[in-house]
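A short reminder: the numbers here are calculations on the coordinates, not readings from a lab. Predicted model only: the values in this text are computed from it and were never measured. Glycine also receives a Cβ, built like all others from the backbone with ideal geometry; neighbour counts cover every protein chain displayed.
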């Protein structure tokens, strides 16, 4: 092969090797970017689920507070009733002992 053609061939072969190396690097970076994207998508999905759960919790808070207030009132009434029943029981017990 004549020296000029050999020189051109060697130069082209060198450029092909550089392009191949660049392509391999690009492919590697693309894979990393895809993995990072998938991780970000999962993080976003998890954050969305948490936000939706918090939203549902916040929506139900007024109802739960009202229900809690009613239950506390009923509990207080039951306690008053139990105390009065205890007083009656002690009174009856004292009357029976006489």
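Residues 96, 16, arranged from fewest to most other Cβ atoms within 10 angstrom of their Cβ, appear as 96, 16. Just the Cα atoms of the chain, one point each, no solvent: what log10 I(q)/I(0) does Debye give at q = 0.16, 0.20, 0.24 Å⁻¹? Here log10 of I(q) over I(0) equals -0.91, -1.03, -1.12.
Computed from Cα atoms alone, the Kirkwood hydrodynamic radius reported for the stretch 54-98 is 13.2 Å. Summarising the label geometry, the points placed 7 Å from Cα in the beta-carbon direction at residue 72 and residue 28 lie 6.4 nm from one another. With the simple model of a label 7 Å out from the Cα in the direction of the Cβ, residue 40 to residue 92 spans 7.5 nm.
Simple spin-label estimate for residue 9 and residue 85 gives 10.7 nm between the two label positions (7 Å along the Cα-to-Cβ direction from each Cα).
Angle of helix 3-97 to the longest C-alpha principal axis of the chain, folded into 0 to 90 degrees and rounded to 10: 0°.
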